[in-house]
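Worksheet for the structure shown next.
The values are calculated or read from the model by the stated rules, or taken from the named source; none is laboratory data. These figures come from a predicted structure and were not determined experimentally. Note: ideal-geometry Cβ built from the backbone for every residue, glycine included; neighbour counts use all protein chains shown. The accessibility values were calculated without ligands, DNA or RNA, using every heavy atom of the protein model including side chains. Shrake-Rupley method; radii C 1.70, N 1.55, O 1.52, S 1.80 Å.
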Amino acid sequence: MSKKILSLSVVLMIFSFMLSGCLNEDSSASTENSSGETFSWRMSSTYPSGSIQFERDKRFAELVNELSNGQLDITLHQEGELTASDQLLDTVSNGTIEAGGDWPGSWSGLNSAFSLLGTSAAGMSVFDYAMWIQSDEGMEIYNEIYGQQNLVYFPYNIPATESGIRSTEPIESLEDLNGLNIRFVGTVQSRLMQEFGGNPVNLPAGELYESIQRGVIDAVEFSGPSGDKALNLDEVTNYVATPSWHQTASVTGVMINKDVWESLPEDLQLVVETAAKTTMLETTFDELYQDALVTREMVESGSVTVTEFPEEDVETITETIIKIQDELAEENSDFAMVLESQKEFMKTFSGYRDIMGPWGFGTNAETLLD
């Protein structure tokens, strides 16, 4: 069996339920609602047009419009057109616009629990997040935290492990981070970088290329290889430090004003749920495969040198993450609740993961690569 077929088998095994759960519920998601009433929503993204993140938002809006036969019409705007990206949550929460495509970690200044809803440091994988959201209590927790802001939430993409730290000079150890200005986001991640002597800088996607080109920052983490390439970050960085311990997986999705959501007929609510799950299935694995293609191209071209943190540094990173998460859990009961839920999921799945061995989520065994 080829590696590609094996990988696809794993994908189908784990994610086929993502569509079936909602499609089996009501096969008439694209039929007209009983009242015949139409709805028009404005949706803003926290990302610029041309980015992979904006394309996810675009796909979700397209699916809603198609599945609802135009009865729920979403007009999507890139960040800055309707509101600044850092004001999007408030803008949707107060009903100025109906919906917003976001990364939950953007709101960790409001509540640190958003950080764990948006990303995991040296922890959950793309598969873990998907199962936690779909089959455990993840979906309830997203809506508990977002619900505090008068919002409902639907995840619709789970980016896998990021590229690593891209830089203009080689980073080969934790010591090399000392004194660097690095675009680094996430509550746990920012504290982690500070622990290692680096200066985390939060810059929006649209400013990254110019910022590293002009030397405003020394290094950058943003997305997976295909997401980084969409912003042409490979043109202004010569090195990438791996493994990507700072974000082993992330989540993006759509937040919807709760009052607007509750006024929507049930059949159109089902359309939104179906569109979100379909978007997740399509975009998560399309991007994951593109990440592999882009990485192979990068390595074979020699345009970027890949470095690797030594094993002892990775152990230090893991220990430091545990310490930071425990501190944040003591500071915020919401953070503690999300962290405990994710830990319990990992414990539940750990026994099965061990039994599956190296083949459960794919392997690079030479016998399969011949």
Any idea which of THR75, ALA99, LEU88 is furthest toward the positive side of the dipole for the chain, if Lys and Arg beta-carbons carry +1 and Asp and Glu beta-carbons -1?
-> THR75
In the chain, lysine pairs closer than 27 Å at Cα, eight or more apart or cross-chain = 13
Karplus-derived HN-Hα couplings along the stretch 352-357 (A = 6.51, B = -1.76, C = 1.60, θ = phi - 60°), whole Hz, x at Gly and Pro = 5, 4, 5, 5, 5, x
What translational diffusion coefficient, in µm²/s and rounded to a whole number, does the Stokes-Einstein relation yield for the stretch 95-187 at 37 °C and a viscosity of 0.692 mPa s, taking the hydrodynamic radius as the Kirkwood radius over Cα pairs?
-> 214 µm²/s
Mean Cβ neighbour count within 10 Å, used as a protection proxy, ranking 202-210, 176-184, 94-102 highest first | 94-102, 176-184, 202-210
At 1.4 Å probe size, with every protein chain present, just tell me what the per residue accessible area of the stretch 262-302 comes to in Å².
-> 49 Å²
Karplus couplings for the stretch 151-168 from phi (6.51 cos²θ - 1.76 cosθ + 1.60, θ = phi - 60°), rounded to Hz, Gly and Pro as x?
-> 9, 10, 9, 10, x, 9, 6, 10, x, 7, 3, 6, 4, x, 9, 8, 8, 8
Determine by what factor the alpha-carbon radius of gyration of the stretch 217-370 differs from 2.2 N^0.38 Å, reporting the quotient.
-> 1.34
To one decimal place, what Kirkwood hydrodynamic radius in Å is obtained for the chain from all pairs of distinct Cα atoms?
-> 21.3 Å
Within the chain, helix-based [θ] at 222 nm, where runs of 4 or more DSSP H residues each add -39,500 (n - 2.57), nearest 500 = -15500 deg cm²/dmol
Residues whose built amide H sits under 5 Å from the amide H of PHE39, excluding neighbours closer than 5 in sequence, are LEU72, ASP73
With 0.36 nm assigned to each residue of separation and the Cα-Cα distance removed, GLN194 to MET356 gains 54.6 nm
With the Cα gyration tensor of the stretch 65-131 in hand, give its eigenvalues times 5 under a square root as the equivalent ellipsoid semi-axes, listed largest first in whole angstrom.
-> 26, 19, 10
Roughly how tilted is helix 3-23, in degrees to the nearest 10 and between 0 and 90, from the longest Cα axis of the chain?
-> 30 degrees
Go through the stretch 233-238 residue by residue and turn each phi into a ³J(HN,Hα) via Karplus (6.51, -1.76, 1.60, θ = phi - 60°); whole Hz please, and just put x for glycine and proline.
-> 5, 5, 6, 10, 10, 10
Could you work out the mean projected area of the convex hull around the alpha carbons of the stretch 289-370, in square nanometres to one decimal?
-> 8.7 nm²
For the stretch 29-140, Rg(Cα) over 2.2 N^0.38 Å is 1.19
Out of the DSSP beta bridges found with both residues in the chain, what percent are antiparallel (nearest 5)?
-> 50 percent
Percent carbon-and-sulfur accessible area, the chain, ignoring ligands, DNA and RNA, probe 1.4 Å = 47 percent
Most packed first (mean Cβ within 10 Å per residue), the peptides 76-83, 330-337, 117-124 order as 117-124, 76-83, 330-337
Quick one: if you take sqrt(5λ) for each eigenvalue of the C-alpha gyration tensor of the stretch 167-252, what semi-axes come out, biggest first, whole angstrom?
-> 18, 15, 13
Extension length gain for GLU262 and LEU293 (0.36 nm per residue less Cα distance), in nm, is 6.9 nm
